[in-house]
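**Student:** Structure incoming, see below.
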Amino acid sequence: MTVTSLDLVSGAELRRAMGHWATGIAVITTADGGTRAGLVSNSFTSISLHPPLVSWAVDKKSTSFEVWNRTDNYAVHILSESRRDLVQRFVAKGTDKFAGLAWEPGVLGSPIVADDVPRLECRLWQRVDAGDHVILIGEVVSVSDADGFVPLTNHVYWAK
């Protein structure tokens with residue numbers, strides 16, 4: 001590999017390179033007043049054990065960005081192979097992602113859309129501006145585990 005300049009790489013180049021980094025796939029949901037939002041994320045990560053903090057990033061061009069910019073809580077559903085159906089639902093743009101989907105409010109009000117996957121419910125800790133995204137850091141207030149969990153990863157999902 002030859003580096004010919006120190007110019008910034010393009011978004012497409014970065015996306016292609018990062019596509020080789022295996023990550024899990026999560027569906028993240030929230031409710032702000034009467035408005036629900038949900039999306040698919042692979043930027044989810046843990047930050048701190050004391051206090052228990054996690055983070056993920058939302059694109060500023062997301063159709064639901066204003067909801068994420070106002071909310072004070074969210075639920076992270078770590079997807080399993082058996083729940084790959086949620087990816088297409090929550091990656092779709094311009095649709096009611098909750099239409100026909102059974103859900104219930106979590107401890108902070110965020111929609112719980114799957115009770116058979118590991119799930120974390122979080123109270124917003126901080127927002128950090130990060131280029132074309134905003135990082136949402138959340139304090140974990142509730143954790144639910146799942147038996148027999150087989151994670152759905154970006155390599156498994158996008159390869160099919």
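**Student:** Within the stretch 10-41, can you find the residues that are at pLDDT below 95, charged (D, E, K, R) and closer than 18 Å to Pro111 by Cβ?
**Tutor:** If the condition is that a residue be at pLDDT below 95, charged (D, E, K, R) and closer than 18 Å to Pro111 by Cβ, then Asp32 is the only one that fits.
**Student:** Please work out which residue is farthest from Glu66 (Cα to Cα), limiting yourself to the stretch 4-56 and to residues that are assigned to a loop (DSSP other than H, G, I, E, B) and β-branched (Val, Ile, Thr).
**Tutor:** Thr4
**Student:** Filter the stretch 126-150 down to the residues that are in contact with a Pro (Cβ under 8 Å, 6 or more places away or on another chain) and not acidic (Asp, Glu) and list them by number.
**Tutor:** Scanning the stretch 126-150 gives Val140, Val143, Ser144, Ala146, Phe149.
**Student:** Something else now. Look at the stretch 59-92 and say how many of its residues are in a loop (DSSP other than H, G, I, E, B), touching a residue at least 60 places away in the same chain (Cβ under 8 Å) and buried (at least 18 other Cβ atoms within 10 Å of the Cβ).
**Tutor:** So the answer is 1.
**Student:** Could you list, in sequence order, all residues of the stretch 130-156 that are aliphatic (A, V, I, L, M), surrounded by 12 or more Cβ atoms within 10 Å (Cβ to Cβ) and not in a strand (DSSP E or B)?
**Tutor:** Listed by number, the residues that qualify are Ala146, Leu152, Val156.
**Student:** Restricting the search to the stretch 42-58, which residues are buried (at least 16 other Cβ atoms within 10 Å of the Cβ) and at pLDDT 95 or above?
**Tutor:** Phe44, Pro52, Leu53, Val54, Ser55, Trp56, Ala57, Val58, listed by residue number.
**Student:** To continue, here is another question. Are any residues in the stretch 108-131 within 12 Å of Ala31 (Cα to Cα) and either of a type in the set (Phe, Trp, Tyr) or over 15 Å from the mean Cα position of the chain (by Cα) (or both), and if so, which ones?
**Tutor:** Within the stretch 108-131, Leu108, Gly109 qualify.
**Student:** While we're looking at this one, here's another question. I'd like the residue in the stretch 93-119 that is in contact with a Pro (Cβ under 8 Å, 6 or more places away or on another chain) and assigned to a loop (DSSP other than H, G, I, E, B) and, out of all such residues, is farthest from Val40 (Cα to Cα).
**Tutor:** The extreme case among them is Trp103.
**Student:** Tell me, yes or no, whether the stretch 120-129 has at least one residue that is in contact (Cβ under 8 Å) with a residue 12 or more places away in the chain and assigned to a loop (DSSP other than H, G, I, E, B).
**Tutor:** Looking for residues that are in contact (Cβ under 8 Å) with a residue 12 or more places away in the chain and assigned to a loop (DSSP other than H, G, I, E, B), one finds none in the stretch 120-129, hence no.
The values are calculated or read from the model by the stated rules, or taken from the named source; none is laboratory data. Everything numeric here is computed off the predicted structure, so don't read it as measured data. Counting neighbours? That spans all protein chains shown, and the Cβs are built from the backbone with ideal geometry, glycine included.
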